[in-house]
Amino acid sequence: MSASYDVIVVGAGNAALCAALAAREQGASVLVLERAPHAERGGNSRYTAGAFRLAFDGVDDLLEVMPELTEHELATTDFGSYTADQFFADMARITQYRADPDLVPILIDQSRAVAVWMRTHGVRFSPSYGRQAFRIGDRFRFWGGLAVEVTGGGPGLIEALMQAIEAQGIEIRYECGATDLIEEDGEVRGVVARQNGRREEIRAGAVVLASGGFEANAEWRTRYLGAGWDLAKVRGTRFNTGAGIRMALAVGAMPWGNWSGSHAVAWDRNAPDFGDLRVGDNFQKHSYPFGIMVNANGERFVDEGADFRNYTYAKYGQVVLQQPGQFAWQVFDAKVTHLLRDEYRIREVTKVRADTLEELASKLEDVNGARFLEMVEEYNAAVQDDVPFDPTVKDGRGTNGLAVPKSNWANRLDTPPYEAYEVTCGITFTFGGLRIDRNARVLDTAMQPIPGLYAAGELVGGLFYFNYPGGTGLTSGSVFGRIAGTSAGQGL
Ligand SMILES: Cc1cc2nc3c(=O)[nH]c(=O)nc-3n(C[C@H](O)[C@H](O)[C@H](O)COP(=O)(O)OP(=O)(O)OC[C@H]3O[C@@H](n4cnc5c(N)ncnc54)[C@H](O)[C@@H]3O)c2cc1C
């Protein structure tokens, strides 16, 4: 048995660190437990590019979050707006109207306020020029409502939050994984943790669970997401194995949300089994709306241009996983290669290049080349050439009469050199988890708060079903992390 704290936070990613800072603001003594070693700290949050979805009515709202915007940036950029109503409509549509009606309005209402609060702890934000804007003439135009990212991406976020944690004198223990909750008379009163193989009971007035989903647990993936999910690559940390969810269920928490669903993307076929902090999120390959995706049979299998990438990328990993051999090739011609995101130009990429379609067909490993060539001919003939191509809007330049249509950004594959990139499924995080109320208290199966237990981040269920609007994971972790920390600090 060791010292006692007001609040123990389990995990040290974005949600956990926001919770710890918020609890400290309430005057609480706080201990953060992190299972990873110091070198791998920061959880999935550190692997991100820092995209941060928030509602804004116009540039004045953005200036609250990014007062550093220069006159030049303001004069040359069309940020547009992304209203709370649009954010709400996206969450509803993308989750097929399943997202928790109690939590979604909080997520949206607090999305900008939490960024302003994070600034007070040293986190900085910038316009997401590289990934969410296109240059038209001498102006930048943002698309898809996602205009803001954390300066320095995930590493910048974690660095800033860790400095704030240190400045607040909050203690963090690394390589210290929580294994169980201490429950007394129906109240959570601390955790059992393991460090260097030693078991320790650490007592607290409240516990905030922010230890991620179960994406890094191959057995749970197969059990809950289904057959074949053991074969997915994990995009981020190897430490999110569902421990927080398991601990909470063991004291009666209600399982909630889309337990068979996850966020999963097209990810380099030869990427390592877990994330690599040097490469970060650059194994992803998100420019498929401008090309075609082809499977082992030489067939297209999905509408690459169904919507803006932000609204399809998180569900297309699963579609790739379902293809024979769990892989696909993304194919582009020279008309669009200048539009490919930076992640296509890293050293660790599985890529082929060819001057003719026949040569390309012979280089697409494990693909039926003859059928690929026929398919490209059919596809080229179906492209609606009379509709202008415009990557900044859903341009409606689709295909006619194909069994698998392409709805926007369709171009003939006819201009060499051709490039193709091989991808498989990379899982980001799981959607199922715990049920929380508006104060981020964990609810039991009778819908009553479990005294002393709070949760935030990936392990909260009920927000995302089937799909996910890009940049919402960090926002969710920050919003509910701050609420969980405040509630825990106040002993709500
Ligand atoms: C490659 C990649 C790119 C992404 N890009 C974006 C993006 O640009 N924008 C966006 O919004 N989202 C993005 N996401 C999703 C985003 O990372 C997550 O939604 C969010 O960071 C989750 O935050 P979290 O604090 O809940 O979890 P994490 O940041 O994963 O933190 C959980 C922590 O808990 C620790 N832990 C686990 N078990 C225990 C235990 N038993 N005891 C103690 N500690 C434990 C883990 O080691 C980890 O540090 C991306 C994810 C990945 C993998």
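The values are calculated or read from the model by the stated rules, or taken from the named source; none is laboratory data. Since this is a predicted model, take the numbers as computed values, not measurements. FYI the Cβ positions are ideal-geometry reconstructions off the backbone, even for glycines, and counts take in every protein chain you see.
Descriptive notes on the structure:
- Just so you know, in the range 47-104 the residues that are in contact (Cβ under 8 Å) with a residue 60 or more places away in the chain, at positive phi and under 21 Å from the mean Cα position of the chain (by Cα) include one that is surrounded by the fewest Cβ atoms within 10 Å (Cβ to Cβ), and it is 96.
- Conditions (1) of a type in the set (Gly, Ala, Ser); (2) away from the ligand (no atom under 12 Å from the Cβ); (3) not in a loop (DSSP other than H, G, I, E, B); number of the one not met by residue 317: (2)
One line per residue, one yes/no per condition, for (1) aromatic (Phe, Trp, Tyr); (2) in contact with a Gly (Cβ under 6 Å, 6 or more places away or on another chain); (3) at pLDDT 95 or above:
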{"position": "52", "(1), (2), (3)": "yes, yes, yes"}
{"position": "55", "(1), (2), (3)": "no, no, yes"}
{"position": "60", "(1), (2), (3)": "no, no, yes"}
{"position": "66", "(1), (2), (3)": "no, no, yes"}
{"position": "78", "(1), (2), (3)": "no, no, no"}
{"position": "82", "(1), (2), (3)": "yes, yes, yes"}
{"position": "89", "(1), (2), (3)": "no, no, yes"}
{"position": "92", "(1), (2), (3)": "no, no, yes"}
{"position": "104", "(1), (2), (3)": "no, no, yes"}
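- Within the range 450-461, residues that are in a strand (DSSP E or B) have Cβ atoms under 7 Å from residues that are at pLDDT below 95 and surrounded by fewer than 24 Cβ atoms within 10 Å (Cβ to Cβ) in these pairs: 451/186, counting only partners at least 6 apart in sequence or on another chain.
- Qualifying strands (runs of 3 or more DSSP E) (wholly inside the range 335-443; at least 3 residues being within 16 Å of the ligand (Cβ to nearest atom)): 418-430
- Given (1) touching a Leu at 6+ places or on another chain (Cβ under 7 Å); (2) surrounded by fewer than 15 Cβ atoms within 10 Å (Cβ to Cβ), number of the condition residue 207 does not satisfy: (2)
- Here is the figure for the range 198-256: residues that are under 25 Å from residue 440 (Cα atoms) and away from the ligand (no atom under 12 Å from the Cβ) total 15.
- Only one of the listed residues (296, 266, 306) is touching a residue at least 24 places away in the same chain (Cβ under 8 Å), more than 27 Å from residue 456 (Cβ to Cβ) and touching an Asp or Glu at 6+ places or on another chain (Cβ under 6 Å). That residue is 296.
- Strands (runs of 3 or more DSSP E) wholly inside the range 92-160 that include at least 2 residues being within 12 Å of the ligand (Cβ to nearest atom): 148-150
Residue by residue, here is whether (1) crowded, with 24+ Cβ neighbours inside 10 Å; (2) closer than 29 Å to residue 300 by Cα holds:
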site: 394; (1), (2): no, yes
site: 400; (1), (2): no, yes
site: 436; (1), (2): yes, no
site: 447; (1), (2): no, no
site: 464; (1), (2): yes, yes
site: 468; (1), (2): yes, yes
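- Residue in the range 73-83 that is of a type outside the set (Gly, Ala, Ser) and within 16 Å of the ligand (Cβ to nearest atom) present: yes
- In the range 219-236, the residues that are hydrophobic (A, V, I, L, M, F, W, C) and closer than 20 Å to residue 284 by Cα: 229, 231, 232, 234
- Selection status of residue 32, away from the ligand (no atom under 16 Å from the Cβ) and under 26 Å from the mean Cα position of the chain (by Cα): no
- Verdict on residue 219 being within 24 Å of residue 427 (Cα to Cα), part of a strand (DSSP E or B) and within 28 Å of the chain's Cα centre (by Cα): no
- Flag if residue 5 is buried (at least 18 other Cβ atoms within 10 Å of the Cβ), within 16 Å of the ligand (Cβ to nearest atom) and farther than 25 Å from residue 210 by Cα: no
- Count of residues meeting criterion [at pLDDT 95 or above and at positive phi] in the range 256-295: 1
- Subset of the range 257-285 that is of a type in the set (D, E, K, R) and away from the ligand (no atom under 11 Å from the Cβ) - its residue that is nearest to residue 453 (Cα to Cα): 273
Residue-by-condition table, conditions (1) surrounded by fewer than 21 Cβ atoms within 10 Å (Cβ to Cβ); (2) at pLDDT 95 or above; (3) of a type in the set (Asp, Glu); (4) in contact with a helix residue (DSSP H, G or I) (Cβ under 7 Å, 6 or more places away or on another chain):
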| site | (1), (2), (3), (4) |
| --- | --- |
| 153 | yes, yes, no, no |
| 156 | yes, yes, no, no |
| 161 | no, yes, no, yes |
| 166 | yes, yes, yes, no |
| 185 | yes, no, yes, no |
| 190 | no, yes, no, no |
| 196 | yes, no, no, no |
